[in-house]
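Have a look at the structure below before the remarks.
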Amino acid sequence: MVRPRRIHPLGPEELASRVRREYAALPGLRLTAAQVHRMWALDDSQARQLLDHLVRTGFLVDLGEGVFMRRDIAPGPVDSPDEAPLFD
């Protein structure tokens, strides 16, 4: 059975801002795409797009194995981000 695509009540930029605030409030927060999917009631594709956007814009870094944390406090060197719009 195919589930209909859920539309998040917040727009893309508002959602990205909310996620940034959560990560700022909890500096050591490390989440996977599956956890983002559940925390913010997104479908898998939306969670992945949101994380990709936050990585491209330099807020998050993928620590490997799909674990994301704030770039400014990540351990070790990280690559430079690329600027790109959310939800291409």
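Residues whose amide H lies under 5 Å from that of Phe68, counting only those 5 or more places away or on a different chain, are Leu31, Thr32, Leu63; hydrogens are built 1.01 Å from N in the peptide plane. When peptides 65-74, 42-51 are sorted by average Cβ neighbour count within 10 Å, with the highest value leading, the order is 42-51, 65-74.
Give me the orientation-averaged projected area of the Cα convex hull of region 12-73, in nm², one decimal. Average projection, Cα convex hull of region 12-73: 3.7 nm². Extension gain, Glu65-Arg20: 0.36 nm per intervening residue step, less the Cα-Cα distance, totals 14.1 nm.
Label reach from Ala74 (point 7 Å along Cα→C-beta): in region 23-41, amide nitrogens under 20 Å belong to 23-37.
Coordinate-derived values only; no laboratory data. Treat the numbers as computed from the prediction; the structure is a model and nothing was measured. Glycine also receives a Cβ, built like all others from the backbone with ideal geometry; neighbour counts cover every protein chain displayed.
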